[in-house]
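In what follows, a single structure is set out as structure tokens and then discussed.
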Amino acid sequence: MPSDSVIPSSFRDPSGFVFTHEGIVYRQVNLSYKAEYDRLMESGCYSSLVQKGWLLPHEELNNSISHTHEGYITLRPEQLPFISFPYEWSFDMLKDAALLTLSIQKECIHHGMVLKDATPYNIQWHKGKPVFIDSLSFATYDEAEPWVAYRQFCESFAAPLLLMHHKKYPLHPLFLAWPDGIPLPLTRSLLPFKTRFSLHTYLHIHLHAKMSGGNKPASGNKTARFSKQKMLNLISSLETMIAKLQLAPQKSTWSGYYDEAAQRDDYLPAKKALVQDWISKLTSIHTAIDLGANDGAFSRLLASQQIFTIAADFDPFCINHLYQAIKTEKLSGIHPLVMDLSNPSPAIGPYKGERDSFIQRTHTDLGLALALIHHLAIGKNIPFHKIAALMAAACHTLIIEFVPKADEKVKLMLQGREDIFTDYHEAAFENAFSAYFTIVEKAPVAQSGRTLYLMQKNAD
Amino acid sequence: MHILLYIDPGSGSYLVQIIAAAALGVAFFFRNIKNYIKALFTRSDKKPKDNPPV
């Protein structure tokens, strides 16, 4: 098996690895993990978690594809259309991932197993819900031992959620600085003083941070025994603490955008009708990315046509709002994503990158970039050709809206600053995008002065 | 412990769990008594606490 087909994010766990073969993702279970894997399958733990929709189901293959000598069994997990990471999630997405991890830990304990790690990277989003994907994270439970992944849980779930709750600010980019979780002493120093008087926060963060100092070996205390009830109390305490957390609602830059936009004559209905008309003419569109999705009005339109849609926006409040709507309305075809296109998530980790960049992960049939171009070109000073290259990397077919300088929103953006954008006009826009795309259709959006383009990516 | 420790559980993290579990044992003991007394005077139409998170 070529080593470059092994997905680099699975290098940390010696129990097995994830690899791709002919476009399908597989997981190899190594012989060293045989006993634990068999226990997961035979104890009823796997079937119970899958039945609840908490664990991604897999099928066991009779033949090994990887042909490595340490292999025990090859699994073909249910395939996910998109992989995202916690630095791209909104507050409630991280909170639900945390609560799911705790629920799985409790369920495992009832089946004589335990989670040996508790990281948000083990959770992905499938059909609108969080799902645990790492079938190698389960170990045999020894009641006398505390939870091996407790610190990891506190650093990578509890710490960022508590900080966001108390600071009233979305802090998901902290995961880029500390991919393995926010250090507890730092969290402790940033949390308000009053949090010391909350029993759960005091125990899991303040006391934990204080006791984490020094170089004592982790398992040095062999005299004190743990118990199943103590473990369940610990999980229950973490659950109680996290369930109460919320991101204080704020009037963000873009919340209410569509209410405002709807008042502009027949702008929105005309745009919706155009997009719908073009999509109905397109064939073989199964996946899409809605760039600048806002509250997801157009993502919903795509999802209603059975198109799996990544709804990306740089505003974490909008995405959180969309995620809450996805939960309430049980929408299964939309993946909300917090993404700043002027600074898309980089690849992180040693050497080639443990986690792929946003650009490496995003290859959709359709891209939607509505009322976005002026924010990138004027708001962020990004030249048209760089925006075109970004779109060409993300999708094959593109529906993009051009917003002219005469538009009142652009005028508003240019207010109080020097207009250095002499090249911001339709001809330059078409010219830059023509380097990557062929313009198939072009139509004005009602009387707004804005133009909608349907483009097809040129063959490489 | 049988688990292959490929993540560092953290120095002090085991000890803090032992202390936290003891403190929580006391806290939950009194909470249960409070809930029991409360339940005597109110109708028990509460949903079970063990709901799935999502």
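The values are calculated or read from the model by the stated rules, or taken from the named source; none is laboratory data. What you see is a predicted model; the values in this text were computed from it and never measured. We place every Cβ from the backbone using ideal geometry, glycine too, and count neighbours over all the protein chains shown.
Odds and ends about this structure:
- Residue in the stretch A:354-363 that is modelled with the lowest pLDDT, counting only those that are under 14 Å from A:Y87 (Cβ atoms) and touching a Pro at 6+ places or on another chain (Cβ under 7 Å): A:E354
- Here A:G181 fulfils each of the conditions (1) free of Cβ contacts under 8 Å to residues at least 12 places away in the same chain; (2) at positive phi apart from (1).
- Restricting the stretch A:160-186 to residues that are away from chain B (no Cβ under 14 Å) and not in a helix (DSSP H, G or I), the residue that is surrounded by the most Cβ atoms within 10 Å (Cβ to Cβ) is A:P170.
- Residue match in the stretch A:194-206 (condition: of a type in the set (S, T, Y) and without any contact (Cβ under 8 Å) to a residue 40 or more places away in the chain): yes
- Every pair of residues 6+ apart whose Cβ atoms lie under 9 Å, when the first sits in the stretch A:348-364 and is assigned by TED's automatic domain parsing to the domain that holds A:I310 and assigned to a strand (DSSP E or B) while the second is modelled with pLDDT of 90 or more and small (G, A, S): A:I348/A:S357; A:R355/A:S345; A:R355/A:A347; A:T364/A:A288; A:T364/A:A394
- Scanning the stretch A:25-77 for residues that are polar (S, T, N, Q), in a strand (DSSP E or B) and either in contact with a His (Cβ under 8 Å, 6 or more places away or on another chain) or within 16 Å of A:A139 (Cβ to Cβ) (or both) turns up just one, A:N30.
- Looking across A:S32, A:S64, one residue alone is touching a strand residue (DSSP E or B) at 6+ places or on another chain (Cβ under 7 Å) and of a type in the set (G, A, S). It is A:S64.
- Residues that are outside any loop (DSSP other than H, G, I, E, B), within 21 Å of A:P14 (Cα to Cα), more than 8 Å from chain B (Cβ to nearest Cβ) and aliphatic (A, V, I, L, M), drawn from the stretch A:113-159: A:M113, A:L115, A:I123
- Residue match in the stretch A:70-93 (condition: of a type in the set (S, T, Y), under 17 Å from A:H21 (Cα atoms) and more than 12 Å from chain B (Cβ to nearest Cβ)): yes
- Residue among A:K244, A:K271 that is surrounded by fewer than 20 Cβ atoms within 10 Å (Cβ to Cβ) and modelled with pLDDT of 90 or more: A:K244
- Residue in the stretch A:90-103 that is part of a loop (DSSP other than H, G, I, E, B), crowded, with 21+ Cβ neighbours inside 10 Å, assigned by TED's automatic domain parsing to the domain that holds A:P170 and not acidic (D, E) present: yes
- Flag if A:V50 is surrounded by fewer than 19 Cβ atoms within 10 Å (Cβ to Cβ) and either hydrophobic (A, V, I, L, M, F, W, C) or within 30 Å of A:L247 (Cα to Cα) (or both): yes
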